[in-house]
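The values are calculated or read from the model by the stated rules, or taken from the named source; none is laboratory data. Please read all numbers here as calculations on a predicted model, not as lab measurements. Positions of Cβ are generated from backbone atoms using ideal geometry, with glycine treated the same way; all protein chains shown enter the neighbour counts.
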């Protein structure tokens, strides 16, 4: 399983597109660990709507910054591999292709074959 860690802070407007890019993967053995780093916008509402339909866990904490949120997400991850994403990026459908090509996951596969685009450009 791949754990996708998604730290967020007051970025509710980007979350639906980030969620969709994860949910639309052709590879389905994943979990999403969202770390809400003390958001004061409607992040909690947006996350709740996604939790109802996907393998998602949300951890809420006081605002401690991006690095603390990433580390918390990695601590909470249960997958053999972890991928840290940000809420203003989307993941292309490359996860399935990587595994089909190699038969196994390697950290190198994530670095080379994952396609990530920023949503706020």
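Which residue is modelled with the lowest pLDDT, if the candidates are limited to the range 53-83 and must be within 20 Å of residue 41 (Cα to Cα) and part of a loop (DSSP other than H, G, I, E, B)?
65
In the range 22-41, is there at least one residue being modelled with pLDDT of 85 or more, touching a strand residue (DSSP E or B) at 6+ places or on another chain (Cβ under 9 Å) and assigned to a helix (DSSP H, G or I)?
Taking every residue of the range 22-41 in turn, none turns out to be modelled with pLDDT of 85 or more, touching a strand residue (DSSP E or B) at 6+ places or on another chain (Cβ under 9 Å) and assigned to a helix (DSSP H, G or I).
I need the full set of residues from the range 14-52 which are more than 18 Å from residue 72 (Cα to Cα) and free of Cβ contacts under 8 Å to residues at least 24 places away in the same chain, in order please.
28, 48, 49, 51, 52
Before we move on, is residue 50 in a helix (DSSP H, G or I), under 21 Å from residue 1 (Cα atoms), touching a helix residue (DSSP H, G or I) at 6+ places or on another chain (Cβ under 8 Å) and modelled with pLDDT of 85 or more?
Working: in a helix (DSSP H, G or I): yes; under 21 Å from residue 1 (Cα atoms): yes; touching a helix residue (DSSP H, G or I) at 6+ places or on another chain (Cβ under 8 Å): yes; modelled with pLDDT of 85 or more: yes.
The answer is yes for residue 50.
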